[in-house]
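Read through the structure below, which is laid out as structure tokens, and then see the notes.
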Amino acid sequence: MSEQMTKPKSMLQAAGLSKTFRLGSRFRAGGIQHLQALKDVSVEVQTGEILGLVGESGCGKSTLGRCLLRLYDIDDGRITFKDRDISHLSQRELRPLRADMQMVFQDPYSSLNPRRRVRDLIAEPLRVHGRHSERDVQARLRELMELVNLSPDFLSRFPHEFSGGQRQRIGIARAIALSPSLIVADEPVSALDVSVQAQIVNLFMDLQEKLGLTYVFIAHDLSVVRQIATRTAVMYLGSIVELGETDEVLHRPAHPYTAALISAVPEADASGRIKARTILKGEPPSPTNPPPGCRFHTRCPIAQERCRVEVPRLMPLGHNRSVACHFPLQGSAGHA
Amino acid sequence: MPADQTQTTAKTLLDVQDLCVSFRSEGGLIRILENVSFTVREREILAIVGESGSGKSMTSLAVMRLITDPNAVITGSIRYKGRDLLQASEREMRSLRGSDIAMIFQDPMTAMTPVYTIGWQIEEQLRAHQKLSRRAARARAVELLGEMGVPSPAKVAGRYPHQLSGGLRQRAMIAMALSCNPSLLIADEPTTALDVTVQAQILELIQRLRADFGSSVIFITHDMGVVATVSDRVMVMYAGIIAERGPKPAVLGGPQHPYTLGLLHSIPPMHGVRPHRLPSIPGSPPAPMGRPAGCAFQPRCDFRMDICATRPPLFHNGTQEASCWLAEKGAPDWARERAIRAAGDAA
Amino acid sequence: MFFPVIRRLGEMLFVMFGISVVVFLIFFATPGADPAARIAGRNATPQVLAQVRHSFGFDQPLPVQYVKVMEKLFVSRDLTSFVNRGEKVIPAVVEAAPVTLSLVLGAAVIWVVFGIWVGVTAAATRGTIIDRALMFAGLVGISMPVFWVGSVANLLTQSRWHNTWLFHWVPGLGYTPLTQHPLLWFKGLVIPWITLAILYIGLYGRVLRANLVEAYQEDFIRTARAKGLSEARIMFRHALRTSLITFVSMFGLDFGALVGGGALLTEVVFNLPGVGRLTYLALQSLDLPFIMATVMYSSFFVVVANALVDIAYAWLDPRVRDAR
């Protein structure tokens, strides 16, 4: 078997992405603040995979998701979608591409227009891209409702008549309406009840199998990411600190932040054993005033002098693994 | 970790019996809580778990008599240190609130008054219940913040809520709640709005409360993992009733109610085999208006039977209690029940 | 806080400048009419017209005219009204200012006190008959035009019931300066104060009640109760304090507008020689210099009030101080 056949195709590639938000003004208290949401982020999304993006608030995962879809302009770096450079295309030029890359949002209560009926909400992308006759649209609507396990009777109702889980299904139906290749899901289950989260996670996995989708799945809940993602990227304060196959990253973390994150997750271990935990001290630094050197060094249990000064870059660490740390943890996939 | 609490002779601090909370509306009486009973002992952490519509928050508000809606109908008894709170006057309640029973809420950003500093708000609570000069109150406020692990407590006391991070705000709220040394702290989803690493710190803090302050805690949450980490006993609520109750290892290790079982199984496991698809409970929790007659969980239950059209009482099995007909004659054997039904379907 | 204040004052000056240019253009640069004729008033002789043209520099380009007008207005202050036989405009306005100030300040005290009382009482008893009665009364207060209320007040206090024990003390219509006779100053203003305040009590009472009811839904009120605080303390220290932010902003703007001459209907009905009445008379006779002066005067106060409200807002609401 040649290298060409085994190497998965890359659907989306981001290289050196940076994004800074400017807040405030010269005349107000504090002056102009620069919030560096993303700093030199490079990541590749392979065709057919589910890439999990985890991190806590302020790490930049939502910003990265939106930048990948060019919902934001980027300040630096390159984005390639299906071998086409989309880094600096205008919104107008991007419009035909939008049919191929879609987003599912976090809050099912605010991401659906409450004044529109479900059928209009889902049909809108079809009508906007103008490719379908009205009869085709109606047929497609039924098809979509079936795909997301909702009764077609619901098409004539309004969003407020549904529960959170059902609304999220509507949002998903809307996202897959145009048969996109890539979907970025921004915390799609965080706002749902626990018993409903499992249903929606299952739905995502079903759709991926049925429709051959590729996902970037953003979440803060590690257990959800473990269930659904093939590869996982861990982010902290605007950079990717670790990237690799999900079970490797989550069970043999190379970065101290990943280790702390995993140990902080409270687990329903029935035996009542308190699991050993690395509790990080202090608060995450403000993204407007990040620490020098490695951004994690202020809270890192194994920080050394070098970490205060030199910014670690994302370096490969064994097969299909990379980490941005000067002293990656032992026991990770460093020694193949 | 203390062993099964039911064996100890710790005194009962709070004894709630047959608490019912309903609201009068145009369509009739909307029942939010139906016959909720539970106890909390001294130095014990009771977790109340439930999803939306379960009534868990309403339970805590009822205990504190904080339900101000004139259309509310509250019956039952809430005995705190022997006294029935539902019979107490508003003045008696005011002297209890904030001094003997304290509460912390989910979102500390909106739960604190935005126009006053943290220090001012803690002082206010201190001076409402204790005779302290302003200087003494301020000193105590700073001291409390320090005890909660707040760095530079004097500086933080001079800050406004919106100037602090989520974790610090929650610590400040906890400091405020503990200022008068309450015997009972009710924590309503205190870590839901926080990052996981910050949540870990706050959970550790709450566990320390029992040791350092001798308080009991009612911890309300929807996260089973949090339940596993902090609680001694668990009460699972669903649609306004108690589904299951008992010591934590028993309930989490051997659930006796299908809802608890389903909830535990639908959590994606961090270790071990990854299921192809997550087991999930079909449907969603009902809204108070849309509760089914009979057993509230029936429409979503994998194990429903004809008898479920009648609401089951709470059955006792050892240290656990579950309101499910399958628990009538002892702890249910879920594997067997599944097998019976699978065979029945195949037939 | 320093920088924002400076910035605000800078903005104020800029706005004032802008207003002065617009006023100037309206009065002097409207095509098709001769500004000289308008300044001189009707029935002006050709000599007066020529004098006006020369004095204002109408044969010169617009910016020069602007500078000349501004100079007459602010620097030499010898802008005179030709309609009123050479009466100097600026001193007249300056003389009228204390009258307006007396009227508005007194009314403001009344409306703030009663507005808060109405708002707090209605919110505390919300849903009951007291609440509804107060809101209804407020609505009535807003709906009655101030000139009508004033006229009715005059009818009662000056003629119909003037000789009863209730109103015999009310002096004739007009104004007595405070320095001249304090008691008479006070007695002459009581009825105008109440008349002007009625509208605002209704308005502020209703707005405050709405704000308070909304504040009561907030989480921090629930926390305050959980702390064991009394209902009175919760109302005044927590709910009212946060609702005051809107109240103060509204107050600042209304006060500024009124002091600048917005109380003109009240002044006319009660024959108080304030800036509002001056404006009214000037409008009636189309006395251009007076109109210009009062417009500038009025806009100055509105702009100042706006700036002060912004500053007060930041002081009252700490979230705004750090806001981006």
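Say whether the condition of being within 25 Å of the chain's Cα centre (by Cα) and either closer than 30 Å to A:Leu68 by Cβ or surrounded by 16 or more Cβ atoms within 10 Å (Cβ to Cβ) (or both) is met by at least one residue in segment A:134-141. The answer is no, given that none of the residues of segment A:134-141 is within 25 Å of the chain's Cα centre (by Cα) and either closer than 30 Å to A:Leu68 by Cβ or surrounded by 16 or more Cβ atoms within 10 Å (Cβ to Cβ) (or both).
To keep it simple, each residue is scored yes or no on (1) surrounded by fewer than 23 Cβ atoms within 10 Å (Cβ to Cβ); (2) farther than 30 Å from C:Pro177 by Cβ; (3) within 18 Å of the chain's Cα centre (by Cα); (4) within 14 Å of chain B (Cβ to nearest Cβ).
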| site | (1), (2), (3), (4) |
| --- | --- |
| C:Lys227 | no, yes, no, yes |
| C:Ser285 | yes, no, no, no |
| C:Ile291 | yes, no, yes, no |
| C:Thr294 | no, no, yes, no |
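Selection of segment B:217-267 for residues being of a type in the set (A, V, I, L, M, F, W, C), closer than 21 Å to A:Ser263 by Cβ and in a strand (DSSP E or B) yields only B:Phe219. For the criterion of being more than 13 Å from chain A (Cβ to nearest Cβ) and surrounded by 14 or more Cβ atoms within 10 Å (Cβ to Cβ), B:Pro285 fails. Of the residues contained in segment B:126-141, none is found to be surrounded by 17 or more Cβ atoms within 10 Å (Cβ to Cβ) and outside any helix (DSSP H, G or I).
Inside segment A:177-205, can you point out the residues that are in contact with an Asp or Glu (Cβ under 9 Å, 6 or more places away or on another chain) and within 11 Å of another protein chain (Cβ to nearest Cβ)? Selection gives A:Val189, A:Ser190, A:Ala191, A:Asp193, A:Val194, A:Ser195, A:Val196, A:Gln197. Looking only at residues in segment B:239-272 that are surrounded by 22 or more Cβ atoms within 10 Å (Cβ to Cβ) and in contact with a His (Cβ under 8 Å, 6 or more places away or on another chain), the one that is farthest from the other protein chains (Cβ to nearest Cβ) is B:Glu244. When each of C:Ile221, C:Ile142 is tested for being modelled with pLDDT of 90 or more, in a helix (DSSP H, G or I), closer than 30 Å to B:His129 by Cβ and β-branched (Val, Ile, Thr), the lone residue that passes is C:Ile221. Quick check, is B:Met173 within 14 Å of chain C (Cβ to nearest Cβ) and crowded, with 24+ Cβ neighbours inside 10 Å? It is true that B:Met173 is within 14 Å of chain C (Cβ to nearest Cβ) and crowded, with 24+ Cβ neighbours inside 10 Å.
Here is a yes/no grid of residues against (1) over 20 Å from C:Ile116 (Cα atoms); (2) touching a Ser or Thr at 6+ places or on another chain (Cβ under 9 Å):
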{"site": "C:Phe236", "(1), (2)": "no, no"}
{"site": "C:Leu240", "(1), (2)": "no, no"}
{"site": "C:Ile245", "(1), (2)": "no, no"}
{"site": "C:Ala257", "(1), (2)": "yes, yes"}
{"site": "C:Gly262", "(1), (2)": "yes, yes"}
{"site": "C:Val268", "(1), (2)": "yes, no"}
{"site": "C:Arg277", "(1), (2)": "yes, yes"}
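Scanning segment B:277-316 for residues that are assigned to a helix (DSSP H, G or I), free of Cβ contacts under 8 Å to residues at least 60 places away in the same chain and not charged (D, E, K, R) yields B:Gly290, B:Gln298, B:Pro299, B:Ile307, B:Cys308, B:Ala309. Residues that are outside any helix (DSSP H, G or I) and facing chain B (nearest Cβ under 10 Å) were ranked within segment A:206-235; the one that is surrounded by the most Cβ atoms within 10 Å (Cβ to Cβ) is A:Asp221.
For segment B:176-211, filtered to residues that are at the interface with chain A (Cβ under 10 Å from one of its Cβ atoms) and either small (Gly, Ala, Ser) or assigned to a strand (DSSP E or B) (or both), the residue that is surrounded by the most Cβ atoms within 10 Å (Cβ to Cβ) is B:Ala200. Taken as a whole, the condition of being modelled with pLDDT of 90 or more and under 25 Å from A:Val249 (Cβ atoms) applies to A:Met103. The residues of segment C:308-320 that are within 14 Å of another protein chain (Cβ to nearest Cβ) and out of contact with any Phe, Trp or Tyr (no Cβ under 8 Å at 6 or more places or on another chain), listed by number, are C:Asp310, C:Ile311, C:Ala312, C:Tyr313, C:Ala314, C:Trp315, C:Leu316, C:Asp317.
The values are calculated or read from the model by the stated rules, or taken from the named source; none is laboratory data. Computed from a prediction, not measured in an experiment: that's the story for all the values here. Cβ coordinates were reconstructed from backbone atoms using ideal geometry, including for glycine residues, and neighbour counts include every protein chain displayed.
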